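In what follows, a single structure is set out as structure tokens and then discussed.
The values are calculated or read from the model by the stated rules, or taken from the named source; none is laboratory data. Quick caveat: nothing in here was measured; it's all calculated off a predicted structure. Ideal geometry is used to build each Cβ from the backbone, glycine not excepted, and the neighbour counts take in all protein chains shown. Calculation scope for accessible area: heavy atoms of the full protein, side chains included, ligands and nucleic acids excluded. Shrake-Rupley method; radii C 1.70, N 1.55, O 1.52, S 1.80 Å.
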Amino acid sequence: MQKRLTLLGSTGSIGESTLDVVARHPDRFSVHALTAHRNGDKLVAQCLRFQPDVAVVGDADTAAKVAAELRAAGCRTEVHHGPAALVDAASSAGCDTVVAAIVGAAGLAPTLAAARMGKRILLANKEALVMSGQIFIDAVRDNGAVLLPVDSEHNAVFQCLPREAALHGGVSKIILTASGGPFRTREPSTLVDVTPDEACKHPNWAMGRKISVDSATMMNKGLEVIEAHWLFDLPGSRIEVLIHPQSVIHSMVSYADGSVLAQLGNPDMRTPIAHALAFPDRVNSGVAQLDLAQVATLTFEKPDFQRFPCLALAIRALEAGGIASAALNAANEVAVEAFLARRIGFMAIGEVVESVLNALPVTSAATLDDVLAADAEARRLASRFASRFAGTPAAGAPSAERIAH
Ligand code: NAD
Ligand code: MG
């Protein structure tokens, strides 16, 4: 049966890769809704090509412009705007599958709505799961939703785990690989003055700017440890991070008998996207077959927590439980935005996040209101701390004392 998709965040990097795979299989996939924030031009082009029932944008002005252009081109897509329209698109009876590819906390409400409507959810938007953790997992279970990981590491782990949960007893740990980002070998004392463009120049992956900065700080891997905890129901102590600069092994599962299963492939998100879209079938993703003779060398090293304090902060937040992961995520979003806007230096990102974690008491995250309140408070504190670091990038220099938690 053909799958009918709502694609949240269609104009982003994951959104475009998803549409690339969808376009290869018109017999299998069609589009109910596409959503973007401000990039009306790209959304118009996507609507003309995929003819969705609904398009959603962030504000009324962009909606009016998009609607006028679509009408002029004879396209019948309805255009809506705002957060409630995102939730409607994700919960509509017009779709069975929701691809969650909005960046950041803005994706939580529609992704959670999809879970509550029992949809098949292809999750790229790790921040939504990091924020809401148990609430999200409960919503998936209680409403018969299906959660398929798109994040390449988690998709790899999913592929390497036994299909039946009853056999997960033999799993000893999962190993998330990490490229180490653009600053893996750079002299740490020079990190204070890196620019947003340098931070976004990832050696292996082309991604949106927020996740690119997260990869450079390795906060991305920290968020992924938390994501893996919720997806695979394992404690942080059984989730290992391993630096693997070639990004060919996307992650591994280690078993009690000494076996280690790995998933390999060229670093192109269309592979995990195609896997999750077609699961349990396998379809052409457009990605070239891996040529291991050409890759020749695969190397591995332990992560350096001094160089990457954000990774240590995320693990600390997971261990702390309650609202700590939501606070970590919110503080990081504010700090990354401040860095991209050149208001703070690169190393201040971790400083801001740590200051917020230190300032916020760890309370329970039993309800969505608890999570949203923590998110709001962490953002307020992070903006305050960020303004203290503003204009003094060197104030964010790393120190062993600051990360020793
Ligand atoms: P991106 O910045 O390229 O795209 C983000 C999308 O979200 C865009 O369509 C944008 O219009 C939309 N958006 C942004 N702010 C919004 C808001 N406030 N309300 C509604 N829509 C909004 O990001 P990306 O790289 O595609 O990443 C998307 C998500 O997937 C992130 O959570 C990221 O961590 C995750 N992810 C990305 C990759 C990758 O290779 N790009 C890999 C793994 C996971
Ligand atoms: Mg990833």
Requested in this report: Might you tell me the accessible area per residue for the stretch 156-302, computed with a 1.4 Å probe and given in Å²?
Outcome: 44 Å²
Query raised in the report: Quick one: how many Å² of Leu313 are accessible to a 1.4 Å probe, rounded to 10?
Result: 10 Å²
Requested in this report: Find how many whole Å separate the alpha carbon centroid of the stretch 1-47 from the alpha carbon centroid of the stretch 353-394.
Outcome: 34 Å
Report task. Starting from the Kirkwood radius over alpha-carbon pairs of the stretch 148-218, derive D by Stokes-Einstein at 4 °C in a medium of 1.567 mPa s and give it in µm² s⁻¹. Result -> 90 µm²/s
Query raised in the report: Between Ile349, Ile135, Ile121, which gets the highest mean-square fluctuation from a Gaussian network model of the chain, Cα cutoff 10 Å?
Result: Ile135
Report task. Provide the gained length on full extension for the span Leu167 to Leu368, in nm with one decimal, where the gain is 0.36 nm per separating residue minus the Cα-Cα distance. Result -> 69.1 nm
**Report entry** Carbon/sulfur fraction of accessible area - the chain, other protein chains in place, 1.4 Å, %
**Finding:** 53 percent
**Report entry** Whole-angstrom Cα spans of the stretch 321-393 along principal axes, big to small
**Finding:** 38, 19, 15
Requested in this report: Subtract the Cα-Cα distance of Ala376 and Arg141 from 0.36 nm times their separation in residues, and report this length gain in nm to one decimal.
Outcome: 81.9 nm
Report task. Starting from the Cα-Cα distance between Thr190 and Ala296, subtract it from 0.36 nm times their residue separation and give me the gain in nm to one decimal. Result -> 35.0 nm
**Report entry** 20 Å Cα cut-off, lysine pairs counted over the chain (separation 8 or more, or different chains)
**Finding:** 11
Report task. Could you work out, for the chain, what percent of all Cα-Cα pairs fall into each 10 Å distance bin, beginning at 0 Å and stopping at the bin that holds the largest distance? Result -> 5, 23, 32, 27, 11, 1, 0
Query raised in the report: Which whole-Hz couplings ³J(HN,Hα) result when phi for each residue of the stretch 355-366 is put into the Karplus expression 6.51 cos²θ - 1.76 cosθ + 1.60, θ = phi - 60°, listed in order with x for Gly and Pro?
Result: 4, 5, 4, 5, 7, 9, x, 7, 9, 6, 10, 6
Report summary line: In the chain the DSSP beta bridges are antiparallel at a rate, in percent to nearest 5, of 25 percent
Query raised in the report: With each pseudo-label sitting 7 Å past Cα toward Cβ, what's the Gln289-Asp197 distance in nm, one decimal?
Result: 4.0 nm
Query raised in the report: How large is the helix-only mean residue ellipticity at 222 nm for the chain, computed as the sum of -39500 (n - 2.57) over DSSP H runs with n ≥ 4, divided by its residue count, in deg cm²/dmol to the nearest 500?
Result: -14000 deg cm²/dmol
Requested in this report: Assuming R0 = 35 Å, can you tell me the calculated FRET efficiency for the pair Arg71 and Met1, based on Cβ-Cβ distance, to the nearest 0.05?
Outcome: 0.65
**Report entry** Built amide H within the under 5 Å cut-off of His80, gap 5+
**Finding:** Ala55, Val56, Val57
Report summary line: Hydrodynamic calc, the stretch 26-135: Kirkwood Rh from Cα pairs, then Stokes-Einstein at 25 °C with viscosity 0.890 mPa s, so D in µm² s⁻¹ is 173 µm²/s
